[in-house]
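Asker: Supplied in structure tokens, the structure appears directly below.
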Amino acid sequence: MSDQHLSEQEIIRRQKLQELNALGIDAYPAALYPVSHYSTDIKEQFTEATKEQFATVTVAGRVMSLNDKGKVFFIKIQDAKGILQLYVKRDEICPGEDKTLFDKVVKHLTDLGDFIGVTGYVFITKTGETSVHANSFTLLAKALKPLPVVKRDEEGNVFDEVTDPEFKYRQRYADLVVNPSVRETFTKRTILMNTIRQFLNERGALEVDTPVLQAIPGGAAARPFITHHNALDVPFYLRIANELYLKRLIVGGFDWVYEFSRNFRNEGMDRTHNPEFTVLEWYTAYKDYFWMMEITEQLFEKIALALHGTTDVKVGDKTLSFKAPFKRISIFESVKENTGIDISEMDEAQLRATCKQLNIHTEASMGKGKLIDEIFGATSEGTYIQPTFIIDYPVEMSPLTKKHRSKPGLVERFELMINGKELANAYSELNDPIDQRERFEEQLRLMQRGDDEAMFIDYDFLRALEYGMPPTSGIGIGIDRLCMLMLNQPSIQDVLLFPQMRPEKVAGADDKDKV
């Protein structure tokens, strides 16, 4: 990259790097740096009674503030757990006649954003701040690009974060540095996922891995990403769901399997959709959708308690209660409740007329199930703020679901709606291979009509069912949407470390070079 594409500060920092090299100081040393303590260890555990334990500490982190007091520097660094103040005195780190390390390196060649390390002892300053009195100073990495400026209080805590989405999502590495709440969001995302793992493992579930590259994009109605397998010389698809593989494992004799599945759907992007996303799916033998509703309630209760210590969770200006039991209502009752229209006995033509009456756009490729889905989505889905199970869907909407045991034309399925969005989808799974083949063939007819989200026929899955699959219940939970909800984030991009964005043109690069 030529200097003409650098800012003035970036040019100055490169000049400082050259000065460091001239002094024989490696700005990017390769040696192990033996960190012994983190900021929180020191600030929470240091007292007069424990000071002997902190007589020698080694800490490291990114420089977030520099305060020059002549022969003393107060430096605040940010490590993986928080902010810590360093007291760097000229005669302490340069006890001999050569004061180059302090006069040049500390005072003039160290910038905000640099990584440094110090060894010293812990003490409390006259202002009452727990700090490290340094007796050695090491530059660990020179930052050549300045961090965005944020407002901080006297303790170094950010109180006015950078909110520009172009910066936040494209340069997440810098966003994590300057916006502490962002790091907290992703720390809590991991806590959420670990809570789910613990919940399932304690009940005997087995975590598994299934293929991301699939010859048949099955298990959901969605448009896939297509790639090519060079060695086999055949097209492959990035998975849109892992459902059919997990059911194969139930056929194979496992009673309860689950997977955090990275899925890909070649569809639109908005505040609640990203083409790459994470779903938790699990399948349990000898269970049905009634059992699944009960255990789902238990899981959501546990997640709320793990993250917030209560089953009441603040989301925007609302308070959601995850205390079981959740409300249950059929999809037809829901539409009638919200529109006054009973669509339960309507055929395709009547459903189209109803869509027109409700000003809902339709396509010629849409079959009966898709039309019902459009009506529910437009009129009813957004009305459910508190956790609610929408149950008993029409068979046309659910090609992988067992027919209802007592309600003809329906299937044993539920979707969990929270804050106006679907968070989970579950079935009593269809295990009749003849019925399943007929459902797949109906999907094929929809595909021939132009529905590019209709399911492919997976003949190997049909063969697996013919070996026999016990009664089974399965569920899929959108982890990204669940994180949005539980962590009070308005956009899916705020809970994805690196959301998809349009490629950025690199300054000074050839037109073909993009990142």
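The values are calculated or read from the model by the stated rules, or taken from the named source; none is laboratory data. Keep in mind that what you see is a predicted model, and the values were worked out from it rather than measured. In this analysis, Cβ positions are derived from the backbone assuming ideal geometry, glycine residues included, and neighbour counts consider all displayed protein chains. Heads up: the accessible areas ignore ligands, DNA and RNA and are worked out on the full protein's heavy atoms, side chains in. Shrake-Rupley method; radii C 1.70, N 1.55, O 1.52, S 1.80 Å.
Asker: If I model a spin label at Ile226 and Thr50 as a point 7 Å from the Cα along the Cα→Cβ vector, what separation in nanometres do I get?
Answerer: 6.2
Asker: Longer than 26 Å from Cα to Cα, which of Lys69/Lys99; Lys370/Lys403; Lys145/Lys188; Lys168/Lys314; Lys99/Lys142; Lys314/Lys336 are they? Say none if no pair is.
Answerer: Beyond 26 Å: Lys145/Lys188; Lys314/Lys336.
Asker: Return the aspartates and glutamates within reach of Lys356: Cα separation strictly under 18 angstrom, same-chain partners fewer than 8 residues apart disregarded; answer none if there are no such residues.
Answerer: Asp342, Glu345, Asp347, Glu348, Asp373, Glu374
Asker: Pull up the cross-link candidates among the aspartates and glutamates for Lys16, meaning alpha carbon to alpha carbon under 19 Å and not fewer than 8 places away within one chain.
Answerer: Correct list for Lys16: Asp3, Glu8, Asp26, Asp68, Asp103, Asp111, Asp114.
Asker: Quick one: with all protein chains in place, what share of the accessible area of the chain is carbon or sulfur, to the nearest percent (1.4 Å probe)?
Answerer: Carbon and sulfur atoms account for 51 percent of the accessible area of the chain.
Asker: How large is the charge dipole for the chain, taken about the Cα centre, if only the Cβ atoms of Lys, Arg (+1) and Asp, Glu (-1) carry charge, to the nearest 20 debye?
Answerer: Dipole size: approximately 840 debye.
Asker: Then there is this: Along the charge dipole of the chain, Cβ charges K/R +1 and D/E -1, which of Thr195, Thr319, Gly82 sits furthest on the positive end?
Answerer: Gly82
Asker: Considering the values [x] 31; [y] 18; [z] 14, which represents percent of Cα pairs over 46 Å apart as calculated for the structure under consideration?
Answerer: From the options [x] 31; [y] 18; [z] 14, the structure gives [x].
Asker: With every protein chain kept in place and ligands, DNA and RNA left out, what is the accessible area per residue of the chain? Probe 1.4 Å, answer in Å².
Answerer: I get 49 Å² per residue for this part.
Asker: With +1 assigned to the C-beta of every Lys and Arg and -1 to the C-beta of every Asp and Glu, and no other charges, what is the dipole magnitude of segment 192-252 about the Cα centre in debye, to the nearest 20?
Answerer: Computed charge dipole of segment 192-252: roughly 160 debye.
Asker: State whether segment 231-278 is rounded, prolate or oblate according to the following rule on the C-alpha gyration tensor (a ≥ b ≥ c being the square roots of its eigenvalues): a/c under 1.5 gives rounded; otherwise a/b larger than b/c gives prolate, and the remaining case gives oblate.
Answerer: It is oblate, given that a/c is not under 1.5 and a/b is not larger than b/c.
Asker: In whole angstrom, and with the biggest value first, how far do the Cα coordinates of segment 139-251 range along each principal axis?
Answerer: Dimensions of segment 139-251 along the principal axes of its Cα atoms: 61, 41, 33 Å.
Asker: Are there trypsin sites (Lys or Arg not before Pro) in segment 275-324 that DSSP marks as loop and that have at most 15 other Cβ atoms within 10 Å, and which are they?
Answerer: Of the trypsin sites (Lys or Arg not before Pro), the ones in loops of segment 275-324 whose Cβ has at most 15 other Cβ atoms within 10 Å are Lys323.
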